[in-house]
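All remarks here apply to the structure that follows.
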Amino acid sequence: MVTRWEATKAAWVQGRVGLGRQKRWWKGKGVDFGAMAHPSFVDADEIRAIERPLTIAAAEIDHVFSEGRSHESESILQEGKKIYQITLYSGV
């Protein structure tokens, strides 16, 4: 469990772009944490590769990052004992 954590570098990913170009920053010492919105084209392997804390902002109504994909991402993060937060915005 993290009891004290200081962040100085963050990465923001607009999900439609995917993590292809940004994921290298999320490994090792590239950034301290990452955030992504509308992660429609982020695949399971990209989620597994993230080594830093992550926050995801997702829409309730999304045919690509569906409820199933959201739950799959959450399971991957849990299994990998990652630090994460998923915020689901209702009605959008």
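Evaluation of ARG52 against the conditions (1) modelled with pLDDT of 85 or more; (2) in contact with a helix residue (DSSP H, G or I) (Cβ under 8 Å, 6 or more places away or on another chain); (3) part of a loop (DSSP other than H, G, I, E, B); (4) among the basic types (Lys, Arg) shows that the sole unmet condition is (1). Taken over the stretch 47-92, the criterion of being surrounded by 12 or more Cβ atoms within 10 Å (Cβ to Cβ) and free of Cβ contacts under 8 Å to residues at least 12 places away in the same chain is satisfied by SER66, GLU67, ARG69, SER75.
The values are calculated or read from the model by the stated rules, or taken from the named source; none is laboratory data. This one's a predicted model, so the numbers in the text were calculated from it and none came from an experiment. Glycine gets a Cβ as well: all are built from the backbone with ideal geometry, and neighbour counts include every protein chain shown.
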